[in-house]
Amino acid sequence: ETGQWVPLHKKIVIPDDKVQLAQHWKETRERGWEKFTDIQLQVTLDIVKALVAKYGSIVEILGHDVVNLHNRTDPGALFPMEDFREQLFGRRQPIIKEHEVNIESVLYANREGALPDIASSTWGSLLPKGAQVEITKTVDEWAKVRVLKLAPLLRDKKGWVKRLLIESIQAKKSTINQMKINAEFFKPTANPPTERWPIPAGTRVRIQEVHDKQWTLVALLGVFNGKQGMEGWIQSDCLTAVP
């Protein structure tokens, strides 16, 4: 029945004929996406055409997945964005002002818009495989731990490690865990450390945000480290506009 309230815990099954396998440009495999109906697409196009006609300054249309790279995949793999753009502006490709990394640089991970903590550093040693630790705090993919055993140089030290590198072990204390492999061990700052990646000169990016002229949040154009849609902070003077 149209308009019927559906409890959040109730599983909704979409019929097979309304689902199509497709691969989103951010992802590495196909999965099922609910198809758009012709009426949905036509009404959406009519609304956007009306907005473009009323506000002549509108010159581009982008998906939420392009604007918010971190955690959005809408409007999805089946949305005909290029067709929409062609009908609206007479071109299929977006207008994106590109910049180029002018020197080998460091890209710092973007954590909910916070500027990078470049002071995060290791204790000068890896936390070795088998080292026993006690988890004292978890934040996203990070765990703050205290070293208990099998790492003499770091015993009783506290710091951050990646959660996926830790596994539970059978011990008298249920809080004891151990490292699966050798792992970088970061100092116990208030927040988890900022991940960083080397960026070669010549890398093409588009600007997402500029902060105090010192830091620029960029989206990398093309594939980097095996995936698309990566973004992060880079020092602004490392960027040059591409003519």
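The values are calculated or read from the model by the stated rules, or taken from the named source; none is laboratory data. The structure displayed is predicted, hence computed values, not measured ones. A quick note on method: Cβ atoms are made from the backbone with ideal geometry, for glycine too, and the neighbour counts reach across all protein chains shown. Please note that ligands, DNA and RNA were not included when accessible areas were found on the heavy atoms of the full protein model with its side chains. Shrake-Rupley method; radii C 1.70, N 1.55, O 1.52, S 1.80 Å.
Yes/no matrix, rows are residues, columns are (1) under 17 Å from Ala109 (Cβ atoms); (2) hydrophobic (A, V, I, L, M, F, W, C); (3) in contact with a Leu (Cβ under 6 Å, 6 or more places away or on another chain):
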| site | (1), (2), (3) |
| --- | --- |
| Ala143 | yes, yes, no |
| Lys162 | yes, no, no |
| Glu231 | yes, no, yes |
| Leu239 | no, yes, no |
What number of residues within the range 144-181 are in contact (Cβ under 8 Å) with a residue 40 or more places away in the chain and in contact with a helix residue (DSSP H, G or I) (Cβ under 9 Å, 6 or more places away or on another chain)? 3
Taking the range 190-243 and keeping only residues that are of a type in the set (Gly, Ala, Ser), within 30 Å of Val145 (Cα to Cα) and open to solvent by less than 30 Å² (accessible area, probe 1.4 Å), one is left with Gly232
State whether one or more residues within the range 149-169 are assigned to a loop (DSSP other than H, G, I, E, B), open to solvent by less than 40 Å² (accessible area, probe 1.4 Å) and closer than 25 Å to Glu27 by Cα. no
Could you check, for the range 33-56, whether at least one of its residues is within 25 Å of Val242 (Cβ to Cβ), open to solvent by 50 Å² or more (accessible area, probe 1.4 Å), at pLDDT below 90 and not aliphatic (A, V, I, L, M)? no
Would you check if there is a residue in the range 63-79 being in contact (Cβ under 8 Å) with a residue 12 or more places away in the chain, within 30 Å of Gln235 (Cβ to Cβ), in a loop (DSSP other than H, G, I, E, B) and open to solvent by 70 Å² or more (accessible area, probe 1.4 Å)? yes
